[in-house]
Amino acid sequence: MKKTQKNITDTVFDIIGDHWKVKIVECLLNGTKRFGELRKSMGNITQKVLTSNLRKLEDKGVLIRKVYAQIPPKVEYRLTAMGKKLKPIIDSMVEWSNEYAEKMGNFSKKLFADKEDKNSSDTDKEENT
């Protein structure tokens, strides 16, 4: 791999290189969300992990955190223009994932069916001897 290509890969993975960051960006592609909305849509993420990942994405310029001066506190998160440019990357990842699951699911079914057929024929041979 060329050095520049490696640097590009490192940059992308540094910014969105884990499960939660990708899910956060994917969720915010649908528009501005409050912390509670994000947490609900993320599944079983802890408040600490969500907060940490939101801060990292904010530090990297992917999202904007807007705090309203009111009680109770209101905080909203939205993608920056640069964050919105991740949409085609995430769409490609979703497309690849769907295709992979479909093909590998079929491959797994075939693999297990082949193993079952082999085990059945081995059992049949043992019974016949």
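All told, GLU102 falls short of being assigned to a helix (DSSP H, G or I), touching a helix residue (DSSP H, G or I) at 6+ places or on another chain (Cβ under 6 Å) and of a type in the set (Asp, Glu).
Scan region 68-78 and tell me whether some residue there is in contact with a Gly (Cβ under 8 Å, 6 or more places away or on another chain), assigned to a loop (DSSP other than H, G, I, E, B) and within 25 Å of VAL12 (Cα to Cα). Among the residues of region 68-78, not one is in contact with a Gly (Cβ under 8 Å, 6 or more places away or on another chain), assigned to a loop (DSSP other than H, G, I, E, B) and within 25 Å of VAL12 (Cα to Cα), which makes the answer no. If you check ILE64, ILE45 for being surrounded by 14 or more Cβ atoms within 10 Å (Cβ to Cβ) and either among the basic types (Lys, Arg) or under 18 Å from the mean Cα position of the chain (by Cα) (or both), only one passes: ILE45.
Each value in this text was obtained by applying a stated rule to the coordinates, not by laboratory testing. On a predicted model such as this, the values are computed, not experimentally measured, just so you know. Neighbour counts are summed over all protein chains in view; Cβ atoms, including those assigned to glycine, are modelled from backbone coordinates with ideal geometry.
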